[in-house]
Amino acid sequence: MSIVNQEDVVGCYVDVTLVNGTQVSGTIFTYNPTEGVLVLLQNPSEENPSVKMIRTNFIKDWKLESEPSEKNMLPSSIEPFNMLPSMHAGRDKSIFKHASLQLKKAEMERQKYLDTLNENTPIAACDVLLKVARVYPDISWNEAEEVIRVNDDVIIVGDPDWTKAKATLVDGAPEKEQALVNRIQKKIDNK
């Protein structure tokens, strides 16, 4: 393929014969003569057009049609501003303000859990509390028993210390809560 400008051939229909005899045809989507790459779209008017990328070194012969048929025409270009995502989330809140608000809300939630702890609470227990609170926000630290209470039937204890926390059922709890215990234990074990 002789060196021509990219602007001259984009949108034209071309029939290409490769050095191995393979016939390829399609509408030129892009052509980069310096890198020797030709990209063709086959059936661009359909929903899923085929894309063929050909190295120009492997082109034996080619025939160019300046006006492709209706079905082989490239779609019209899209205005760039139609492609941009909205810079506003919700009612005129910028994305930055929205993210800042969410961050502040998460920090307040975290502080709510930390306020229930005292200086005698093991640091590992704090870590477990914050980790599990992301998934189960209604948990709390029970200072008298030194356990994390998930609900009336499920607690998290340090076994034997808080470096090996363990979710367990309280005495007399229904067996159906065992599934919740297993899910919480899986969350605790994930690093």
Checklist line | Filter result (within 21 Å of Glu67 (Cβ to Cβ) and not polar (S, T, N, Q)) within segment 25-55 | finding: Gly26, Ile28, Phe29, Tyr31, Leu38, Val39, Leu40, Leu41, Pro44, Glu46, Pro49, Lys52
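Considering Asp61, Asp8, Asp15, which residue is acidic (Asp, Glu) and in a helix (DSSP H, G or I)?
Numbers: Asp61 fails: in a helix (DSSP H, G or I); Asp15 fails: in a helix (DSSP H, G or I).
Just a single option satisfies the conditions, and that option is Asp8.
Could you go through segment 155-171 and let me know if any residue there is touching a residue at least 12 places away in the same chain (Cβ under 8 Å) and assigned to a loop (DSSP other than H, G, I, E, B).
Within segment 155-171 (the criterion being touching a residue at least 12 places away in the same chain (Cβ under 8 Å) and assigned to a loop (DSSP other than H, G, I, E, B)), the answer is yes, since at least one residue qualifies.
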Next item on the list: Say whether the condition of being out of contact with any His (no Cβ under 7 Å at 6 or more places or on another chain), modelled with pLDDT of 85 or more, exposed (fewer than 13 other Cβ atoms within 10 Å of the Cβ) and of a type in the set (Asp, Glu) is met by at least one residue in segment 49-69.
Entry: yes
Notebook entry, point to check: How many of the residues in segment 172-191 are surrounded by 10 or more Cβ atoms within 10 Å (Cβ to Cβ) and part of a helix (DSSP H, G or I)?
Noted result: 12
Next item on the list: Select from segment 141-154 the residues that are touching a residue at least 24 places away in the same chain (Cβ under 8 Å), part of a loop (DSSP other than H, G, I, E, B) and more than 23 Å from Gln111 (Cβ to Cβ) and list them in ascending order.
Entry: Asp153
Next item on the list: Can you confirm whether segment 97-110 contains a residue that is at pLDDT below 80 and outside the structural domain of Pro137 (by TED's automatic domain parsing)?
Entry: yes
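The values are calculated or read from the model by the stated rules, or taken from the named source; none is laboratory data. Owing to the predicted nature of the structure, the values given are computational and were not obtained by experimental measurement. Because the Cβ atoms are built from the backbone with ideal geometry, glycine has one as well, and the counts that use them run over all protein chains shown.
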